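Worksheet: one structure, shown below.
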């Protein structure tokens with residue numbers, strides 16, 4: 001998606017440790033017009049799937065998922081990383097290892113927001129090691145729902161997540177795949 | 001806003017302790033079409049203000065803030081409740097007491113996403129005791145920015161937050177104000 005790639009080149013910052021900082025438009029400050037274009041592109045790529053619901057993870061997945069849900073006219077559910085005070089007792093839960101923070105989180109979705117009759121599109125902002133995406137796919141599987149695939153805003157193509165997730169049989173549509181940024185300059189596949 | 005009130009009556013659950021559970025359309029599962037209408041209504045109410053940026057708080061404020069930002073064509077910044085791994089060292093920070101969880105959180109925004117030339121609209125999903133809203137207003141004040149006002153999806157009119165915030169001189173626009181729900185039925189002002 002050219003508009004996204006241009007924005008990454010213009011506003012992304014490459015930091016030591018293969019970190020791409022895009023918090024000026026994606027995950028701290030958000031550009032809603034770009035998110036709308038991203039949501040429309042996800043809707044276009046999955047238009048032939050009878051999607052009933054979108055599943056994402058707080059907080060950075062919410063923006064792209066919400067606009068994809070708007071264009072597909074389906075509800076968006078976000079998995080929670082912390083236990084809510086008024087949370088349903090019945091939840092699907094999956095462990096997710098965070099490499100950035102080097103710790104394990106449990107992500108949760110109330111059982112009533114995923115059902116066996118659902119055909120789910122999973123959306124997330126980044127795909128690096130694939131932990132979050134596989135955790136979300138695990139929740140879909142626990143619900144007995146089917147998985148249409150995953151829509152990713154930025155995939156780090158030089159890390160193993162894309163291969164892990166695709167090998168497990170999941171269709172992955174990434175709007176920008178970074179081939180290399182080891183010299184501080186982003187190059188796309 | 002009638003569409004929102006109808007939805008609260010239809011899908012909201014009143015739980016003991018004056019809790020209104022709206023996680024089927026607002027803060028766990030999200031209805032993007034309703035959020036778009038909410039964002040449009042906030043944009044309409046603040047159309048005479050030269051807003052440059054929207055400030056909200058993760059995670060439940062993001063959806064209504066994002067669509068307000070879309071309709072106003074301004075960026076949306078969300079304050080973080082946890083320290084990110086790759087966070088800017090320079091942040092504005094404010095303490096916020098959570099009554100639901102009975103603990104103090106610190107909310108943070110990177111300094112470069114709020115500036116003295118900004119005219120900020122603050123958006124949040126709920127106004128009850130006013131803690132989150134006053135914390136967000138504190139961040140705006142630290143940045144030397146001006147505050148256009150606050151857009152709230154649901155205000156608990158029987159709690160003291162609305163009065164506290166309005167008394168401090170902040171314009172508050174709430175799309176649904178609940179007068180009473182002590183008998184398990186929601187009545188609006």
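Read the figures in this text as sums done on the coordinates, not as results from a lab. Everything quoted here is computed from the prediction, not taken from an experiment. Cβ sites come from the backbone with ideal geometry, for glycine too, and all protein chains shown count toward neighbours.
A residue that is under 26 Å from residue A:23 (Cβ atoms) and not in a helix (DSSP H, G or I) can be found somewhere in region A:129-146. Which one is farthest from the other protein chains (Cβ to nearest Cβ), of the residues in region A:72-89 that are out of contact with any strand residue (DSSP E or B) (no Cβ under 6 Å at 6 or more places or on another chain) and closer than 17 Å to residue A:45 by Cα? Selected residue: A:72.
Within the option set A:69, A:39, A:130, being out of contact with any strand residue (DSSP E or B) (no Cβ under 7 Å at 6 or more places or on another chain) and more than 23 Å from residue B:85 (Cβ to Cβ) holds for one residue only, A:39. Counting only strands (runs of 3 or more DSSP E) wholly contained in region A:41-100, the ones carrying 2 or more residues that are in contact with a helix residue (DSSP H, G or I) (Cβ under 9 Å, 6 or more places away or on another chain), within 13 Å of residue A:114 (Cβ to Cβ) and without any contact (Cβ under 8 Å) to a residue 60 or more places away in the chain occupy A:76-79, A:91-98. Looking across region A:1-40 at every residue that is within 9 Å of chain B (Cβ to nearest Cβ) and in a helix (DSSP H, G or I), the one that is nearest to residue A:69 (Cα to Cα) is identified as A:39. Here's a check for you: in region B:57-67, which residue that is more than 8 Å from chain A (Cβ to nearest Cβ) and farther than 17 Å from residue B:137 by Cβ is surrounded by the fewest Cβ atoms within 10 Å (Cβ to Cβ)? Restricting to residues being more than 8 Å from chain A (Cβ to nearest Cβ) and farther than 17 Å from residue B:137 by Cβ, the top hit is B:60. Those residues that are touching a residue at least 12 places away in the same chain (Cβ under 8 Å), closer than 17 Å to residue A:82 by Cβ and either within 12 Å of chain A (Cβ to nearest Cβ) or out of contact with any strand residue (DSSP E or B) (no Cβ under 8 Å at 6 or more places or on another chain) (or both), I need them from region B:101-116; list them, please. Scanning region B:101-116 gives B:105, B:108.
When you check residue A:48 against the structure, is it more than 17 Å from residue A:136 (Cα to Cα) and more than 8 Å from chain B (Cβ to nearest Cβ), yes or no? Yes, satisfied.
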